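The values are calculated or read from the model by the stated rules, or taken from the named source; none is laboratory data. Please read all numbers here as calculations on a predicted model, not as lab measurements. Methodologically, a virtual Cβ is constructed for each residue, glycine included, from the backbone with ideal geometry; neighbour enumeration extends over all protein chains shown. Note: areas computed on protein heavy atoms with side chains; ligands, DNA, RNA excluded. Shrake-Rupley method; radii C 1.70, N 1.55, O 1.52, S 1.80 Å.
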Amino acid sequence: MISVAIDGPSGAGKSSLAKRLAKELGYVYVDTGAMYRAIGLYVLRAGLNPGDCQQVESVLNQIQIELRYQDGAQRVLLCGEDVSEAIRQEQVGMATSALAAYPSVRAFLLDLQRNMAKSHNVLMDGRDIGTVILPNATLKIFLTASATARAKRRLLELEQKGEQATFETVLKDIEQRDEQDMNRKEAPLRRAEDAVLVDTSDLDFEQSFTALRDLILQRVAQGQAKEE
Ligand code: DC
């Protein structure tokens, strides 16, 4: 099985690039952030405090997460309900970043993520895919961009969705999430030693896509040459 791990901070373009790459290469795209977000949504809906580890842990056994693929797109089911859109709200992202720090939450999702890579060629994106989930991935990519570049892209996305925001608030949110994701004790966001670093600050979508696609195709060809 081929597995490509793409890690990096929020807003570096991981999911849009991974989606398009998966489509082009015929791999299954696994958006692990969406699994964490489903837990965030459940906790918020239950009126619990995502910053309180015990409260979050007390409901984990009620949570059922499933990924389905419809016309090539990933849908996230939370206890049977399709929450693919609901999990994208800003407040869900913030709550998720807090609870993703708890070891029990990470352990809860670990097997689900690993099992996907056992049965399919996958392109999996997240924060700890190359370091924890798939340490033997065929290729590991650490995708990053400056906080300013990421905030500009995020603002544009929000505007396109008709949501109001200012550059300053978006930048502040991004910096706060980076801080939370990079400084937590458990599985912090960091580049695996053997990950290829790709900085997309000065690349547009097409350029980033081409860079990643070439990296993947090269690595797969190298692997096939070794086997022969
Ligand atoms: O990639 P995203 O913005 O959808 O992720 C939402 C949050 O989940 C983010 O704050 C980091 C966390 N996350 C994580 O800790 N580990 C992952 N593999 C994926 C996401």
In the stretch 129-164, residues that are in a loop (DSSP other than H, G, I, E, B), within 16 Å of the ligand (Cβ to nearest atom) and of a type in the set (G, A, S) total 2
Among helices (runs of 4 or more DSSP H) completely within the stretch 1-66, the ones holding 2 or more residues that are under 22 Å from M116 (Cα atoms) and among the basic types (K, R) are 14-25
Within the stretch 103-120, residues out of contact with any strand residue (DSSP E or B) (no Cβ under 6 Å at 6 or more places or on another chain) and crowded, with 21+ Cβ neighbours inside 10 Å come out as V105, Q113
Could you please let me know if V30 is within 17 Å of I133 (Cβ to Cβ), under 19 Å from the mean Cα position of the chain (by Cα) and more than 13 Å from the ligand (Cβ to nearest atom)? no
**Prompt:** Quick one: is A211 within 16 Å of the ligand (Cβ to nearest atom), within 30 Å of A100 (Cα to Cα) and surrounded by 11 or more Cβ atoms within 10 Å (Cβ to Cβ)?
**Reply:** no
query = Could you say whether any residue in the stretch 75-93 is in contact with a Pro (Cβ under 6 Å, 6 or more places away or on another chain) and outside any strand (DSSP E or B)?
reply = no
Those residues of the stretch 195-221 which are under 19 Å from G26 (Cβ atoms) and not basic (K, R) amount to F209, T210, L212, D214, L215, I216, L217, Q218, V220, A221
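Just to be sure before I move on: is G80 touching a residue at least 12 places away in the same chain (Cβ under 8 Å), surrounded by fewer than 13 Cβ atoms within 10 Å (Cβ to Cβ) and under 24 Å from T210 (Cα atoms) in the structure I sent?
It is false that G80 is touching a residue at least 12 places away in the same chain (Cβ under 8 Å), surrounded by fewer than 13 Cβ atoms within 10 Å (Cβ to Cβ) and under 24 Å from T210 (Cα atoms).
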>> If I filter the stretch 165-175 for residues that are in contact (Cβ under 8 Å) with a residue 12 or more places away in the chain, over 21 Å from R114 (Cα atoms) and open to solvent by 80 Å² or more (accessible area, probe 1.4 Å), do I get at least one hit?
In response: yes
R37 vs. criteria charged (D, E, K, R), open to solvent by less than 50 Å² (accessible area, probe 1.4 Å) and either within 11 Å of the ligand (Cβ to nearest atom) or under 30 Å from M1 (Cα atoms) (or both): yes
| task | Assess whether A187 counts as being more than 16 Å from the chain's Cα centre (by Cα) and either within 17 Å of G130 (Cβ to Cβ) or not in a strand (DSSP E or B) (or both). | result | no
